[in-house]
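These notes concern the structure reproduced below.
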Amino acid sequence: MRPFQLSLRFIVPLALVLAAFALMLLPLVDDLAKRWFLRDLDARSQMMAAALREPMVDLVTLQDNESIQTLFDRSVQEAHVRAIAFCDMSGRLLYHSSGFPPGLGCQGRAPGELQVSESPLDQDGITLGKLVLAQDTRFIARRIDEFRNTLIAVFLMMFIAISALGTWMAHSSWQGWVQSLKSLMRRESVAQGAVSAPPEFRPLVGDLRAMLHEMNLERRTQQNSPQAWTPDKLRSLLHDELAGDQVLVVSNREPYIHEQGEQGIVVRRPASGLVTAVEPVMRACSGTWIAHGSGSADRVTVDANDRVQVPPKRPAYTLRRVWLADEEEQGYYYGFANEGLWPLCHMAHVRPVFRTSDWEHYVTVNQRFADAVVAEARSDDPVVLVQDYHFALLPRMVRDKLPKATIIMFWHIPWPNPESFGICPWREELLEGLLGNTLLGFHTPFHCKNFLETVDRYLETRIEHEASTISYGGELTQVEPYPISIAWPEPEAPLDVVRCRRELRDELKLPAGHQLALGVDRLDYTKGIVERFQAVARLLDTHPELAGRFSLMQVAAPSRSSLDEYQSLEARVRKLALEINQRHGGRGAPPILLRIEHFDEDRLARCYRAADVCMVTSLHDGMNLVAKEFIAARDDELGVLILSQFTGAARELLEALIINPYHIEQGAQALYRALTMPEAEQRERMRSMRSLVRDFNVYRWAGLMLLDAARLRRRQRVTEKISSHSRQGLRRAS
Ligand code: GDG
C-alpha cells in the first residue's frame, strides 16, 4: 500500500504537468499544421498551373472548347483539384471544369471551404487570361483532428509509461528500504549494517545499532535480574522507559464496587484473579482504569465524567466507569464471554454456547469500551493495557482510532488448540481483533504456541516463530508469555500463624489439633471442586482413622450465578458435600466445610495461614493465583500445596504436590501425603516456592510487559523516523 501511496504523490503531479503542457501545445500545433497544409496546397496549385500552361496556350488560341473541357476534367480527376477555370483579361469566365462551384467566379472570391489560386497565361509576352484553380481545404481540418488525437495518444502513453516506471521504481525502492530496515532491526545484521544499508540509511545505522544493543542488553538484564521487583521499581520503569506516558487499563470487572447497603454505601472488592493482579500495578502507575460500573451505588459515586478516584481510603488512580444496559450485560458478559469464550478456552467438558444476539452485544460493548479509551486518551499514543477475553475485538477498534497507541493485551485464561478454537463461528473476527495489539501476552509458552498455530490456521498472516511475531495487514503483533503473579505482602503487620490457626478452629468449632485443608475459588466448573470433594471422600474411605480429625474448608465465592451451568454446579457441590458429610461425618467434625459466600481479604488471609494444606485442583486454569497467595501468606514456611498439573502455576511451583485432578485416587494419596508430611520437608518445599513467588511477583509481570512495550514503542518510533526519511528520499528522487 505504502509504495502506491508514494507513487500517487508522483503520478498526480505528473498527470497535471502533462495535461497543462498538452493544453498549451495543442492550439499552437493546430495553427502550425494548418499553415503547413495551406502552403502545401498552394505549391501544388502552382505546379499544376505550370503543367497546364503550355497545352492551354495552344487550345485557347485555337478556341478548342472540347479539348479544354477534356483537359480540365482529366486534370481535376487526376490532381484531386476541386475545379479549374480560365478567365480572359476582362474577367469573363471562358472555360471551366465540370461541377464548377456556382459561387466561384473570376474575382478571386471563394466559398470558405475552398482555397483559390490564380496563375496568368502568357503567349509571347501577351497575357491571354488567367488560370483559376480551386482546392478543397476541408481535409485540412480532418487531418489536424487526426494529428491532435495522435498527439494526445502519445501524451497518454508517455504518462502511462512514466507512471508505471515510477510506481515500479517506488515499489522496488520501498521493498529494498523495508528489507534493509528489517535487517537493521535484527541484531545480527546491524553488525554489518553500515555495509549493507542503502545510502539513505547510513546516517542512522550507528544510532540504530547503539539503540538496539542497549535495548537487548537491558531486556536480558531485567529478565534475569535477581533483584526484587517492587512498586517503586515499576514506578521508575514507567518514568524512565515510558517517559510518564499515560497508562489506560480496560477490564470488564472493576476493582472497587460501590453497593447500597442498609447502613449506607459500602465498597466491595470483587473475587477476581485479574483484579488481584492488575490493582497493585495501577496503584504504582496512577493511570486510568476503565471498567463496567456494576455496583448498585456506582452511579451515585462518580463525577460528571463517570470517574471516581480509588482506592477510596488512599486515592492513587482514576476509575472510569462504563454503563451497560441489562440486556447488553446479559449478551456480552454472561452470553458470549462466559457461555461462549470461557468454556471454549477451558478444557473442562462444558460445551460452549454461541448465539448471534450475544455476539452482537459483544461487538457493541467492545466498541463502547474502545470509545471510552479514545475519549480518555490525552495523546495519540497512550499505553493501553487490555485485560482478558471480554475484549477480544477492542484492540483493533482502538488501533483504528489511535494508530500510534501501544496496545498491550493480557489473556488471563488458557488459549486452546486450533481445532477447539475453530468451532467458534466468529473465530476470524476475534483473531483479527486480537491482532490489533502491539503485544499479546499469555501465561505460558504453550498458550502462545496454541495462539500462533490458531492464527496460522485461520488467517492469512506471516508468522515469525523464532521472533514470536505475527504480521497482519502491515502491522506486527508480538506474542509472549508473561506468567502472572501476586503482590508480595507488605512485611508490616504480619498475622501470627498460631493465632490464626486457633481463631479459625474456634470459629469452626473444631478441636485445636484438627487438621485443615483449604480450597478458595470462585464457584466455577473449571476449578475442580467436585473432584476435590471426591478426593476427600476417597481419602476417608482409605484412611477412616482421619474421619473426625480432618476437614476440607471450601470457600466458594458465588460467580456468574445467573447461568444455568453455574446453578447446577452449585447444586451439585452442595449435594456432594452433604453426601460426604453424611457418610463420613458420624464422629466429630464434618469432613467438608462448605462456605458458598464471599470472604473479605483479611478473612481469606487468616484462612491461608490457618490451613495445613491448600488444595488447587483446577481441571484447566490459566495460572491460578490462589496457589501463589497461599505460599505468600506462609511466612512460617509451613503448609503443603496440592496443585493440579493443568494450571499455569504448576509450571513454576515444582515443589508443590502436583496431581492430575481427574485421577481421584491420586488426589486422595496426595492429600494423605500432605497431611503426614514432616515439617522439615514442608519447610524445604515452602522456602523454595516462597523465594520464587517473591521474585516473580506481579510487579515483574507488569514490568516485563511494559519493558517490552517500551522497546516496541521505541522501535515503532524509529521505524516512523526511517519511513519519513525514506519518503523524503523518494520525494527528492522523483
Ligand atoms: C483468571 C484465570 C488467572 C476467590 N474467592 C474470594 C476471593 N478470591 C480471589 C482469590 C484470587 C482470585 O479471586 C481468583 O484467582 P484465580 O487465579 O484462581 O482465578 P480466576 O478468577 O478464574 O482468574 C486464572 C487469573 O485470571 C489471573 O490472570 O490466574 O487462571 O482463570 O485472588 O483470592 N477474594 C475474596 N473473597 C473471596 O471469597 N476477597
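Note down the net charge around Ser45, summing +1 for each Lys or Arg and -1 for each Asp or Glu among other residues with Cβ under 13 Å from its Cβ. Net local charge, Ser45 excluded: +1. 3J(HN,Hα) couplings calculated from phi for segment 370-381 with the Karplus curve 6.51 cos²θ - 1.76 cosθ + 1.60 (θ = phi - 60°) are, in sequence order, 4, 5, 5, 4, 4, 5, 7, 5, 8, 9, 8, 9 Hz; Gly and Pro show x. If R₀ is 41 angstrom, what is the calculated FRET efficiency for the pair Gln728 and Arg268, using the beta carbon separation as r and rounding to 0.05? So the FRET efficiency works out to roughly 0.10. Compared with the alpha-carbon gap, the fully stretched path from Ser286 to Ala51 is longer by 74.0 nm at 0.36 nm per residue. Counting 0.36 nm for each residue step from Glu475 to Lys313 and taking away their Cα separation leaves a gain of 54.1 nm. Between helix 2-62 and the chain there is an angle of about 10 degrees, using the helix long axis and the longest principal axis of the Cα atoms. Taking all protein chains in place and a 1.4 Å probe, what share, in percent, of the accessible surface of the chain do carbon and sulfur account for? About 53 percent, which is the carbon plus sulfur part of the accessible surface.
By average Cβ neighbour count within 10 Å, what is the ranking of 527-535, 23-31 from highest down? Mind dumping the intermediate values first?
Working: 527-535: 25.0, 23-31: 12.1.
Ranked from most to least packed, the peptides come out as 527-535, 23-31.
Ranking request for peptides 394-405, 696-707: highest mean number of other beta-carbon atoms within 10 Å first, then the rest in descending order.
Numbers: 394-405: 19.9, 696-707: 22.8.
Order by mean packing, descending: 696-707, 394-405.
Normalised per residue, the accessible area of segment 51-183 is 58 Å², obtained with a 1.4 Å probe and no contribution from ligands, DNA or RNA. Dividing the summed helix terms, -39500 (n - 2.57) for each DSSP H run of n ≥ 4, by the number of residues in the chain produces a 222 nm estimate of -17000 deg cm²/dmol to the nearest 500.
Can you check what the Kirkwood hydrodynamic radius comes to for segment 418-536, Cα pairs only, in Å to one decimal? Value: 18.8 Å, from the Cα pair sum.
Considering all alpha-carbon pairs of the chain, what whole percent are spaced by more than 32 angstrom?
Values: 176553 of 269011 pairs.
Considering the chain, 66 percent of its Cα-Cα pairs are separated by more than 32 Å.
Taking Cα centre as origin and charging only the Cβ of basic (Lys, Arg, +1) and acidic (Asp, Glu, -1) residues, the dipole magnitude of the chain rounds to 1680 debye.
Using C-alpha pairs under 8 Å with a sequence gap of at least 6, the mean separation divided by the residue count of the chain gives a relative contact order of 10 percent.
How much net charge surrounds Ala348 when only other residues with a Cβ under 11 Å from its Cβ are counted (Lys, Arg +1; Asp, Glu -1)? For residues surrounding Ala348, the net value is -2. Around the amide H of Leu459, modelled in the peptide plane, lies no amide H under 5 Å away from a residue 5 or more places distant or on another chain.
Length available on full extension from Ala375 to Glu665: 0.36 nm per residue minus the Cα-Cα distance, which gives 98.9 nm. The string of couplings for segment 667-679 from the Karplus curve (6.51, -1.76, 1.60, θ = phi - 60°) is x, 5, 5, 4, 5, 4, 4, 5, 5, 10, 6, x, 4 Hz, one whole number per residue in order, with x for Gly and Pro. The distance from the alpha carbon centre of segment 443-461 to that of segment 261-277 is 35 Å, rounded to a whole number. In this simple spin-label model, placing a label point 7 Å from the Cα along the Cα-to-Cβ direction at both Arg35 and Phe354 gives a separation of 7.8 nm.
Kindly work out what percent of the DSSP beta bridges joining two residues of the chain are antiparallel, to the nearest 5. Don't skip to the answer; put the middle values down first.
Values: 35 of 81 bridges.
Antiparallel bridges make up about 45 percent of those DSSP assigns within the chain.
With a threshold of 27 Å on the Cα-Cα distance, the over-threshold entries among Lys233/Lys527; Lys233/Lys313; Lys233/Lys721; Lys449/Lys628 are Lys233/Lys527; Lys233/Lys721. Here the contact order of segment 243-390, divided by its residue count and restricted to Cα pairs under 8 Å and six or more residues apart, works out to 29 percent.
Relative to the longest principal axis of the Cα atoms of the chain, the long axis of helix 202-224 lies at roughly 20 degrees. Between helix 564-584 and the chain there is an angle of about 20 degrees, using the helix long axis and the longest principal axis of the Cα atoms.
Isolated cysteines of the chain, defined as having no other cysteine beta carbon under 4.7 Å away, are Cys285, Cys345, Cys424, Cys448, Cys500, Cys607, Cys614. Summing charges over neighbours of Pro270, with a neighbour being any other residue whose Cβ is under 9 Å away from its Cβ, gives +2 when K and R count +1 and D and E count -1. Spacing of the modelled spin labels on Ser67 and Asp145, each 7 Å from Cα toward Cβ, amounts to 4.4 nm.
Ordering of 408-419, 339-350, 611-622 by packing is 611-622, 408-419, 339-350, highest average first (other Cβ atoms within 10 Å, averaged per residue). Since only Ala668, His171, Ala557 are under comparison, the one whose Cα sits farthest along the positive direction of the charge dipole of the chain, derived from C-beta charges on Lys, Arg, Asp and Glu, is Ala668. Per the Debye calculation on segment 513-655 with a single equal scatterer at every Cα and no solvent contribution, log₁₀ I(q)/I(0) for q = 0.20 Å⁻¹ amounts to -1.31.
The values are calculated or read from the model by the stated rules, or taken from the named source; none is laboratory data. Just so it is clear, the structure is predicted and the values come from calculations on it, not from any experiment. For neighbour counting, all protein chains shown are included, and Cβ atoms are generated from backbone atoms with ideal geometry for every residue, glycine included. For accessibility, only protein heavy atoms count, side chains too; no ligands or nucleic acids. Shrake-Rupley method; radii C 1.70, N 1.55, O 1.52, S 1.80 Å.
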